[in-house]
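Everything below concerns the one structure shown next.
The values are calculated or read from the model by the stated rules, or taken from the named source; none is laboratory data. These figures come from a predicted structure and were not determined experimentally. We place every Cβ from the backbone using ideal geometry, glycine too, and count neighbours over all the protein chains shown. Surface areas here come from the heavy atoms of the whole protein model, side chains and all, with no ligands, DNA or RNA. Shrake-Rupley method; radii C 1.70, N 1.55, O 1.52, S 1.80 Å.
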Amino acid sequence: MKINKQVQMQIFKQIKDISIREGFKANSSSIYKVMGDNFVHVDYLIVESKKLVFRIYVKKYSYDKIFWTILKMDENLKKKDSLRATGAFRAPSILIKKGEYEYLEDVKELSESFVSEVITVINSFLVDLDINKYVITHEDLQDNMILKCLAYIDADKQSKAVLIAKKELENENKGRFENDGKGFFEWLLF
């Protein structure tokens, strides 16, 4: 069944309302929340006018401060937390789940199921989990080496982050995030 623009707006409003009730903050197509030392955010949208697709992410809240400090973007530290979820220059996050919901005519049921799944997935993932250890021990994460640098710096092991940055630069990888013509790994060594 096709989802017209009016129904899409109803779905997004329901998701926002339910999420806020559950302690999240929301903007047009994402919800986010600080949970202890961690920051979780969920991006979602309607595709093909028939299904809601989503991605659930987590990172340490401190990663953005480290990231922005390295890239000489300290002004971002004064911005709202929504920048940590949706900004173009934000620390990478760990994708913990992606999925989709087919539209079945009940906007409220779809929205409640979605938010309920988000909460369950986040709580299950974060049980007794140290994000730094997770990042350091996993090799298949998007922006893996940038995340490892952030984790090592957060764990007060700067020398390991420096070694990663040097190796990435030797392999001609400046890091995909750039500011003033220098990549992340160049800034880390600066």
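Can you tell me the order of 61-72, 8-19 when each peptide is scored by its average per-residue count of other Cβ atoms within 10 angstrom, highest first? Intermediate results must be reported in sequence, preceding the final value.
Details: 61-72: 20.4, 8-19: 18.0.
Final packing ranking: 61-72, 8-19.
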- prompt: Of all accessible surface on the stretch 5-129 at a 1.4 Å probe, what whole percent is carbon and sulfur?
  reply: 50 percent
query: Say the dipole of the chain comes from +1 at the beta carbon of Lys and Arg and -1 at that of Asp and Glu; which of THR69, PHE12, ALA155 then lies farthest toward its positive end?
result: THR69
query: How much mean residue ellipticity at 222 nm does the chain get from its helices, if each DSSP H run of length 4 or more adds -39500 (n - 2.57) and you divide by all residues, to the nearest 500 deg cm²/dmol?
result: -14000 deg cm²/dmol
- prompt: Binning every alpha carbon pair distance of the stretch 134-189 at 10 Å from zero, what are the percents per bin?
  reply: 26, 57, 16, 0
task: Could you point to the residue in THR120, ILE131, ILE96 farthest towards the positive end of the stretch 96-179's charge dipole, with +1 and -1 charges on the Cβ of Lys/Arg and Asp/Glu respectively?
output: ILE131
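Note down the net charge around LEU83, summing +1 for each Lys or Arg and -1 for each Asp or Glu among other residues with Cβ under 9 Å from its Cβ. Don't jump to the answer; show the numbers that get you there.
Working: positive: LYS79, LYS80, ARG84, ARG90; negative: ASP64, ASP81.
That works out to +2.
Sorted from largest to smallest, which semi-axis lengths in Å does the alpha carbon gyration tensor of the chain give for its equivalent ellipsoid, taking the root of 5 times each eigenvalue? Provide the component values of the computation, followed by the final result.
Working: eigenvalues 231, 56, 45 Å².
Rounded to whole Å, the semi-axes are 34, 17, 15.
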task: Would you work out the charge dipole size for the stretch 93-190 about its Cα centre, treating the Cβ of every Lys and Arg as +1 and the Cβ of every Asp and Glu as -1, and quote it to the nearest 20 debye?
output: 660 debye
query: Over the stretch 5-129, what is the mean sequence separation of C-alpha contacts under 8 Å (at least six apart), divided by residue count, expressed as relative contact order in percent?
result: 26 percent
field: Kirkwood hydrodynamic radius (C-alpha pairs) into Stokes-Einstein, the stretch 38-84, 10 °C and 1.306 mPa s, D in µm²/s
entry: 128 µm²/s
- line: In whole angstrom, the spacing between the Cα centers of the stretch 157-190 and the stretch 15-32 equals 35 Å
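In debye, nearest 20: dipole of the chain around its Cα centre with unit charges on the Cβ of K, R (+) and D, E (-)? Can you show the working numbers first?
Working: 31 positive and 29 negative charges, 88 e Å.
Roughly 420 debye for the chain.
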Whole-number percent relative contact order across the stretch 134-189, with pairs defined as alpha carbons under 8 Å at least 6 apart: 25 percent
